[in-house]
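The values are calculated or read from the model by the stated rules, or taken from the named source; none is laboratory data. Please read these numbers as outputs of a predicted model, since none were measured by experiment. Ideal geometry is used to build each Cβ from the backbone, glycine not excepted, and the neighbour counts take in all protein chains shown. These area figures cover heavy atoms from the full protein model, side chains too; ligands, DNA and RNA do not enter into them. Shrake-Rupley method; radii C 1.70, N 1.55, O 1.52, S 1.80 Å.
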Amino acid sequence: MEIGKVNRARVDAVMPQGFYLELETGGRILLPGNKNQFTLQEGEIVDVFVYMDSEDRPIATLDRPFAQVDEFAVLEVKDVNNIGAFLDWGLNKDLFLPYKQQLGELRRGDKCVVYILKDEKSGRLVATEKIKSFIDTDTSELHVGQRVELAAYEVTPDYVDFLVDYRYTGRLMVTRGMGRIYIGDTMPGYIQRFT
C-alpha cells in the first residue's frame, strides 16, 4: 500500500459502509460510500488515492489531490492555528503544514509552494515550505529557449526564485518596471541561460 499515492485496486467486496479493495501493492482498504455514489462491481479494477483519515487509518478515495507524496504544489491556506496551517489540496481532508515546516507567517487565503511528504515519525502526510533539498539539480533535460511553468517560492527586492516545471529551480532578476510577483504566483516562462 502506497500512502499518499494513487494505487490500482480490485473491488473485493461491496458492503453497506463502502467497498473493500484489494490493492495491487498488497493490503486491503476501504473506499467509503454506497451504491448510490459509485456504481462499482466486485472484481472491477479502479485507481484510488490512499491517505490517512482523521483517525489515522488508511482510506481510499476516487478523488484526486492536486499533488501526491514526493511532488511539489502551489496550495491555498484554508485555516491556520497554533500548530500549523491546513492547505486545500483537493480532498475532503486538508493537508497539514506544521508550524516548524513554515518559512513565514501564513494567513487564510495565502498561497504557498510546498513539497508533500510522509512524516517518518507519525506516518502522516504533511507539507513543507522548506523545499530546496527536494529540488532536482540535474537540468540535463532542459535547454535554452524551452517553455516552462514557473511557480514563485521566494521573493526578494533583487530576485525571484521559481520552481521550474515543479521540479527544478530558476532565478529571475528583478528589473525596473517589472510587475510585482508574490509567493505562489504561477506563470509560463522561457529558459534564458544556465549558471
| Cα-based shape type of segment 1-93, given that a ≥ b ≥ c are square roots of the gyration tensor eigenvalues and the cut on a/c is 1.5 | prolate
| query | Heavy-atom accessible area of ILE183 with all protein chains present, probe 1.4 Å, nearest 10 Å²? | reply | 80 Å²
| field | Per-residue SASA entry for PHE66, accessible area with 1.4 Å probe, Å² rounded to 10 | value | 130 Å²
| query | Which value in nm describes the separation of the simple spin-label points at GLN146 and THR186, placed 7 Å from the Cα toward the beta carbon? | reply | 1.9 nm
| note | Computed over the chain, the relative contact order (Cα-Cα under 8 Å, seq sep at least six) in percent reads 14 percent
| remark: Per DSSP, the loop-located GluC sites (Glu not before Pro) within segment 75-145 having at most 16 other beta carbons within 10 Å are GLU105, GLU120, GLU141
| What lysines sit close enough to LYS130 to cross-link, taking a C-alpha to C-alpha distance under 28 Å and skipping anything fewer than 8 places away on the same chain? | LYS5, LYS78, LYS93, LYS100, LYS111, LYS118, LYS121
| query | Rounded, prolate or oblate: which fits segment 101-191, taking a ≥ b ≥ c as square roots of the Cα gyration tensor eigenvalues, rounded meaning a/c under 1.5, else prolate when a/b beats b/c? | reply | oblate
| remark: Expressed in square angstrom to the nearest 10, the accessible area of SER140 with a 1.4 Å probe stands at 90 Å²
| query | When the Cα atoms of the chain are enclosed in a convex hull and the volume is divided per residue, what value in Å³ results? | reply | 159 Å³
